[in-house]
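Below: the structure, in structure tokens.
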Amino acid sequence: MAKPFDNYNPSGEPEIIHSAGDLSSPPELRILHYNDVYHVDASSAEPVGGIARFQTVVDHYRNDEKYKNQAELLICFSGDAFNPSLESSVTKGSHMVPVLNDIGTDVACVGNHDLDFGVTQFRHLSEQCKFPWLLSNVLDPALGENVPLGNAKQSLLLESSNGIKIGVIGLVEREWLDTINSLPPNLIYKSAHKTTEELVPGLRKQGAEIVIVVAHQREPNDNKVARMVPKGLVDIILGGHDHNYAHSIVNGCHVLRSGTDFKQLSYIEARRSKEKTGGWDLHIVRRDIVSSIPEDTKAKEMTEKMTNALKAKLDKPIGHSLAPLDARFVVVRRQESNMGNFVCDLMRTYYAGDCCIIAAGTIRGDQIYPPGVLRIKDILNCFPFEDPCVVIEAPGQAILDALENSVSTYPALEGRFPQVSNITFTFDPNLPPDHRIPNPTSNIRIGGQPLILDRKYKLVTRDYMTRGKDGFDALLVKSAGGELKEIVSEENGILISMLLRQYFMSLKTLGKWSKLGKNTSRYFERVHKELHKSHPVVEPMLKTPSVTDSPSNHSIPTRPVIKKTRPVKQSEEEAKFLDYSDDEEYTVEPGADVEEVMQKWRRLARVPTPQSCDNIAVEEFEVDWTRAIAPRIEGRIKIIGVDA
């Protein structure tokens, strides 16, 4: 079993995860592992991460006097660096090349997001890296026999500073292919465990004394490889794709993943086992990158240089929220979220659709955005992908199949989990995948009416999904080889980030539409009328404006209140489903306590009070330059058969 780290309290001190062997003797090998890094800046919550502090810890293990005369550090990366992030939306991933090089990375596995800007861009970026990228089990026949996609390497034999030879291969899961928008035709996917059995003996013949798999696949698939290959064939699997920290031993093989986003890393010492011939004893240490760790000067300067050009525009206030916006992966990939509801409702109303479905992987913020100012960088950070909103004509059967696919892997934190608009449905995760929505024609409702399987609905979604990605074959459009008609195609749709920016512009009360014109304003009046039925906005009580037009200099004490318009009447069953929309109506008005709003939101989102966000000061709501949003959750997605 994997060691549980869900309630881990980061302190910055080394945390021993596993220890075996004689620690009094120097290690034969020293390895550092990290995976899934997106944001170079530190965050506000511990562990704060950030490349500057991450570099400090890396340099400690590389250069500290304690490790003098020991084997040089071998650094392994398990993929996902070139996207998605705020910076990559501008640089197409090029900003990460010097970051990965300066860390001293020795070998990497190709992650799915490393191909978000296309194979050609990946090849351009990988050629600038001072280390090889591995992709052992996805081959591109157009490049030659047994040549991996993107001209990555299939296997590698490294030699440590003390002469020990290390065999390395890079593995990905079949679902990895489903998440990538643009791939060459006729790719060959080979089973991960069979590829391991084919390649590792060759590495052993070349003298490999220890074999490491760098992988970019879900933990169960890493475990499957360890379980299915002969015991002793592979010593360590260093995984990615999941964003949690976990360690387990399966069939004698260590399976390790090391967190995400420069917030964690693993330091590993390997010593030859005295008990089993050819075996290795591992000492594994987890490090969390916390704010008490000093920042590396060079890395800090590089980060500042990288971000300074963007800051002036990205720091600009674009809107204001009176509700915490929940974009955490653990929420959006397992349940309804007010952020998901708001974005889906905005997409649907903008395109006047019957309904909207997006994969939760669309929402990349992985944090709670507390009440207060929203900046352009918040929007781009949370919605960095470059494929636009599209509208398709989808029969009810296709919508059913899409929803079944969305919940087929629950409770795994898969990006395919749905966020929806104008749709309500119930599913039971105890039922077999693709059959988890009981009585679908009565259970699934669109606009409050039962789903009709042969009716055509105007479905708003992402272009990514209409290409069949993440298993959404049911939504495949004609231009991608499917059957569904495109109403608004990829060429004509706009990005979610742009849609949000336009919407927040439409809420402005100062300088409203100074550049976008009256027609756009009239268009958004229709959007407001529909959208604000579910997600109310608060009108500012204007003061006399100050001499400057800067939003930060206009303020009035505006605070929200929740007002019940009829008594709460809910059964235990209704409470279990979190369906409050039928029993309470809430309006947000100026003049009372924001804490009531937050308490309501915490209860619906099931977030413990101390962990939700900081207390909000009155001053944070003193704005008169815009109306403020208050997105809600409404019981659109109900889960039965599990504990509430």
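Brief remarks on what is shown
- Its relative contact order, with pairs defined as Cα atoms under 8 Å and 6+ residues apart, puts segment 17-306 at 26 percent.
- FRET efficiency, Y189 to R227 (Cβ-Cβ, R0 22 Å, nearest 0.05): 0.65
- Model label points for S161 and A45, set 7 angstrom from Cα along the Cα-to-Cβ axis, are 3.8 nm apart.
- D178-N439 pseudo-label distance in nm [points 7 Å out on the Cα-to-Cβ vector]: 2.9 nm
- The distance between label points at K529 and I494 comes to 1.9 nm (points 7 Å beyond Cα on the Cα→Cβ vector).
- Förster-model FRET efficiency, 45 Å R0, V642 and A352, C-beta, rounded to 0.05: 0.80
- Peptide ranges 449-457, 244-252 listed from the most packed, as the mean C-beta count within 10 angstrom indicates: 244-252, 449-457
- Spin-label proximity, E275 to segment 228-242 - amide N less than 16 Å from point 7 Å beyond Cα toward beta carbon: 232
- V343, V642, V211, V48 arranged by Cβ crowding within 10 Å, fewest neighbours leading: V642, V48, V211, V343
- Highest-first arrangement of 49-55, 473-479, 135-141, where packing means the average Cβ count within 10 Å: 49-55, 135-141, 473-479
- Around the amide H of H320, modelled in the peptide plane, lie the amide H atoms of L374, I629, all under 5 Å away and 5 or more residues distant in sequence or on another chain.
- With θ taken as phi - 60° and the Karplus curve 6.51 cos²θ - 1.76 cosθ + 1.60 applied, the whole-hertz 3J(HN,Hα) list for segment 277-284 is 4, x, x, 10, 9, 10, 10, 10 Hz, x standing for glycine and proline.
- Set K92/K153; K92/K313; K205/K276; K190/K274; K263/K316 screened for pairs whose C-alpha atoms are more than 28 Å apart: K190/K274
Just so you know, all these numbers are worked out from the coordinates, no wet-lab data involved. A quick note: this is a predicted structure, and the numbers were derived from the prediction, not measured. Don't worry about glycine lacking a Cβ; one is built from the backbone with ideal geometry, like all the others, and counts go over all protein chains shown.
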